[in-house]
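To start, the structure under review is shown below, and the notes come after it.
The values are calculated or read from the model by the stated rules, or taken from the named source; none is laboratory data. Quick caveat: nothing in here was measured; it's all calculated off a predicted structure. Don't worry about glycine lacking a Cβ; one is built from the backbone with ideal geometry, like all the others, and counts go over all protein chains shown.
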Ligand code: MG
């Protein structure tokens, strides 16, 4: 808590988080993590606007009800689907409609409605489908009072996994899919990750990070084979006049893109490279000519939490020797003047020792702790 207050005070004082001397706090970087726990040097996420009933500001709006300009038929020719009352509607026999643009891993929002006039049954009633990268179908079907095989009902990953619940609204009513899709990840010919689909149907979780087993098809199991890194979003023509509206997509990174901080894609070499880069940036920011040697010392303690390069360790050694001499030679009646800096440095050293960056028997910590104990400083 005290450290948080220090960070806040430094930020109010006008220094950025990156340059504020907040002191060491959370567990330091390690072989799998380029950043400390609660690391203020870690880049901030981009700021976007997320207003009610609007696509997020960083989304690509694929269909807002005004035009089919971003869509075409499967082979790139003009689509025969029609624009009607702010929706795009499937015309029987016209084939799939697809985006002209291609996408990979994504968050997708789609609204759909099956025909108000109920016709047919089972798979023949209000059937369409959302094909992610043109390969994996999240089924669209009028499943309101219309049972079918579970792995083919609305919100199923078609032919693989039924939804957790049937959250269908009545025919003709608008329904939402919010889909988070990750494509398969390959290393050469070896599949590292099969890809996954998470679906919220009308706000209800129905596919919970389902790991894909194949490419969507009917009746048979069709193993996943490599396809292009990006592919179009497609909606199916299954012969029923199903409508879609408010379609937007956000491209998201594969979790394997992150190689520097935890997760399945982490690579120790990348972690260390980023740690060295961070240490170098922090070191470059230090004003080595400053008279404030305590500030330099504490910044160097931060630097070595990322990288114990010999040149950093040597400078730290020199600064530590100076600091210990200063404390040892200080007027004992006025030693309380140094309470803040002694406690600050000792706290930093404790974090580094706790994380094995420095050994338990670190001399500077021992000497500073002795002073703290003598004066019963808290
Ligand atoms: Mg379908």
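At least 3 residues being assigned by TED's automatic domain parsing to the domain that holds residue 163 and more than 15 Å from the ligand (Cβ to nearest atom) is the threshold, and among the strands (runs of 3 or more DSSP E) wholly inside segment 77-147 those reaching it are 82-84, 87-89, 97-103, 106-113. Restricted to segment 299-315, and to residues there that are more than 15 Å from residue 41 (Cα to Cα) and surrounded by 14 or more Cβ atoms within 10 Å (Cβ to Cβ), the residue that is nearest to the chain's Cα centre (by Cα) is 308.
The single condition among (1) surrounded by 22 or more Cβ atoms within 10 Å (Cβ to Cβ); (2) free of Cβ contacts under 8 Å to residues at least 60 places away in the same chain that residue 97 does not satisfy is (2). Taken across segment 268-290, residues that are outside the structural domain of residue 192 (by TED's automatic domain parsing), buried (at least 18 other Cβ atoms within 10 Å of the Cβ) and closer than 25 Å to residue 373 by Cα do not occur at all.
Within segment 359-370, residues that are touching a residue at least 24 places away in the same chain (Cβ under 8 Å) and on the phi < 0 side of the Ramachandran plot have Cβ atoms under 9 Å from residues that are assigned to a loop (DSSP other than H, G, I, E, B) and surrounded by 13 or more Cβ atoms within 10 Å (Cβ to Cβ) in these pairs: 364/358, counting only partners at least 6 apart in sequence or on another chain. When the residues of segment 136-152 are narrowed to those that are surrounded by fewer than 24 Cβ atoms within 10 Å (Cβ to Cβ) and either touching a helix residue (DSSP H, G or I) at 6+ places or on another chain (Cβ under 9 Å) or in contact (Cβ under 8 Å) with a residue 60 or more places away in the chain (or both), which ends up farthest from residue 175 (Cα to Cα)? Residue satisfying both the conditions and the ranking: 149.
For segment 182-206, the set of residues classified as more than 15 Å from residue 106 (Cα to Cα) and either in contact (Cβ under 8 Å) with a residue 60 or more places away in the chain or buried (at least 20 other Cβ atoms within 10 Å of the Cβ) (or both) consists of 192, 193, 201, 206, listed by residue number.
Out of all the residues in segment 293-300, is one or more touching a residue at least 40 places away in the same chain (Cβ under 8 Å) and not in a helix (DSSP H, G or I)? Within segment 293-300 (the criterion being touching a residue at least 40 places away in the same chain (Cβ under 8 Å) and not in a helix (DSSP H, G or I)), the answer is no, since none of the residues qualifies.
For segment 148-161, state whether one or more residues are within 16 Å of the ligand (Cβ to nearest atom), part of a strand (DSSP E or B) and over 26 Å from residue 101 (Cα atoms).
Going residue by residue through segment 148-161, those that are within 16 Å of the ligand (Cβ to nearest atom) are 148-161.
So of that shortlist, the ones also part of a strand (DSSP E or B) come out as 157, 161.
Next, only the ones that are over 26 Å from residue 101 (Cα atoms) stay: 161.
So far as segment 148-161 goes, yes, one or more of its residues are within 16 Å of the ligand (Cβ to nearest atom), part of a strand (DSSP E or B) and over 26 Å from residue 101 (Cα atoms).
Here residue 297 fits the description: in contact with a helix residue (DSSP H, G or I) (Cβ under 6 Å, 6 or more places away or on another chain) and within 17 Å of residue 366 (Cα to Cα). For segment 66-94, filtering for residues that are surrounded by fewer than 14 Cβ atoms within 10 Å (Cβ to Cβ) and in contact (Cβ under 8 Å) with a residue 40 or more places away in the chain leaves 4.
Against the criterion of being touching a strand residue (DSSP E or B) at 6+ places or on another chain (Cβ under 9 Å) and more than 30 Å from residue 251 (Cα to Cα), residue 115 qualifies.
Can residue 318 be described as under 30 Å from residue 278 (Cα atoms) and in contact (Cβ under 8 Å) with a residue 24 or more places away in the chain?
Values: under 30 Å from residue 278 (Cα atoms): yes; in contact (Cβ under 8 Å) with a residue 24 or more places away in the chain: no.
When the stated conditions are applied, residue 318 does not pass them.
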